[in-house]
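Below: the structure, in structure tokens.
The values are calculated or read from the model by the stated rules, or taken from the named source; none is laboratory data. Values in this document were obtained by computation on a predicted structure and should not be read as measured data. Here the Cβ positions follow ideal geometry from the backbone for every residue, glycine too, while neighbour counts run over all protein chains shown.
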Amino acid sequence: MTEPVSTFSALSEKIASKSAMVGVIGLGYVGLPLAMAVAHGGFRVIGFDIDPEKIVRIEAGSSYIEAVASDTLSGHVASGAFAATTDFERLGDCDVIVICVPTPLTKHRAPDLSYIVKTTEAIAATLRRGQMIVLESTTYPGTTDEVVRPILEKTGLKSATDIFLGFSPEREDPGNRNFRTASIPKIVAGDGAEASSLMQAFYGAVVEKVVPVSSTAAAEAVKITENVFRAVNIALVNELKVVYDAMGIDIWEVVDAAKTKPFGYMAFIPARVSAAIASRSIRST
Ligand SMILES: NC(=O)c1ccc[n+]([C@@H]2O[C@H](COP(=O)([O-])OP(=O)(O)OC[C@H]3O[C@@H](n4cnc5c(N)ncnc54)[C@H](O)[C@@H]3O)[C@@H](O)[C@H]2O)c1
């Protein structure tokens, strides 16, 4: 008698053979470039958005995101590798579902998770055994485990047994032409060993370098660490500009000279830069 195929083996095989259908929810600055990278990696992709105008633009092959060329978009649409819809029932057709919806701050500067919650509820409505759900939205450490998992498990399906859960932070840098989604190393983590292995296999087929970490909370913390680092350093250089202006010292000259130090320093430039300065090799936001 042959052994029944486990949910893990079945999804592994679909990812390895690129027959897995991938859903990307939220087709903005993060989701649309990701959908293109996944299609480029050889998977068929369905993009989901609540904004019908975006679907019309995609169907017409007309990109609304600078990082995605209309030729690339129309090519994937014409080949059938990429389609977009507002019909969330079709989430049930997807083997891997990646959530790229907004996570703005509330007026009290707390994270507004309502988009993640609504999206996860939509996924739960058609959830089936063998699906992998990945959160990419920026959020606080613990969200995948404490917010996403309970909503999905209300269906009776259990993470790490029936379904697989993961987190992979987005590192998109809109306007930066030196990097594309596929060339930026991708942090990945899964809920359990099998989800972790599936995350590495899926993203390994899409981006050049995958960096696994031990838990979804650690992956969420990586993103927060990167954002805090950036925010603190932008604030610092803005403060230094005020001080140096008062002292008659040119902040640009100082930053340009400081960045020649080959270790322990990363250049950030003050706000309100001109286009000419922004296009220099100094790292901004
Ligand atoms: N833009 C960046 O540079 C950047 C970089 C790293 C991480 N992030 C994070 O990535 C996430 C997405 O950001 P973004 O910049 O792509 O946002 P965005 O506003 O450009 O795009 C979000 C998309 O999600 C859609 N949407 C909203 N609610 C939805 C729902 N319930 N179901 C389906 N679609 C829905 C919107 O219509 C929009 O098209 C956020 O958590 C953000 O913090 C953004």
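From the list Val68, Val134, Val98, which residue is in contact with a Pro (Cβ under 6 Å, 6 or more places away or on another chain) and not in a helix (DSSP H, G or I)?
Result of the check over Val68, Val134, Val98: Val68.
Inspect all residues belonging to the stretch 257-264 and state whether any of them is more than 16 Å from the ligand (Cβ to nearest atom) and in a helix (DSSP H, G or I).
Checked the stretch 257-264: at least one residue is more than 16 Å from the ligand (Cβ to nearest atom) and in a helix (DSSP H, G or I).
So Lys54 passes all but one of these: (1) more than 10 Å from the ligand (Cβ to nearest atom); (2) under 22 Å from the mean Cα position of the chain (by Cα). Which condition number does it fail?
Among (1) more than 10 Å from the ligand (Cβ to nearest atom); (2) under 22 Å from the mean Cα position of the chain (by Cα), Lys54 violates only (1).
Say we look at the stretch 119-130 and pick out the residues that are free of Cβ contacts under 8 Å to residues at least 60 places away in the same chain and in a loop (DSSP other than H, G, I, E, B); which of these is farthest from the ligand (Cβ to nearest atom)?
Selected residue: Arg128.
Scan the stretch 72-108 for residues that are at pLDDT 95 or above, more than 15 Å from the ligand (Cβ to nearest atom) and more than 24 Å from Ala201 (Cβ to Cβ) and report the count.
5
Would you check which residues across the stretch 82-95 are free of Cβ contacts under 8 Å to residues at least 40 places away in the same chain and either more than 25 Å from Gly41 (Cα to Cα) or not in a strand (DSSP E or B) (or both) and list them?
Those that are free of Cβ contacts under 8 Å to residues at least 40 places away in the same chain and either more than 25 Å from Gly41 (Cα to Cα) or not in a strand (DSSP E or B) (or both): Thr86, Asp87, Glu89, Gly92.
Against the definition (over 13 Å from the mean Cα position of the chain (by Cα) and more than 16 Å from the ligand (Cβ to nearest atom)), how does Phe48 come out, yes or no?
no
Going through the stretch 27-65 one residue at a time, which ones are in a helix (DSSP H, G or I), charged (D, E, K, R) and surrounded by fewer than 20 Cβ atoms within 10 Å (Cβ to Cβ)?
If the condition is that a residue be in a helix (DSSP H, G or I), charged (D, E, K, R) and surrounded by fewer than 20 Cβ atoms within 10 Å (Cβ to Cβ), then Glu53, Arg57, Glu59 are the ones that fit.
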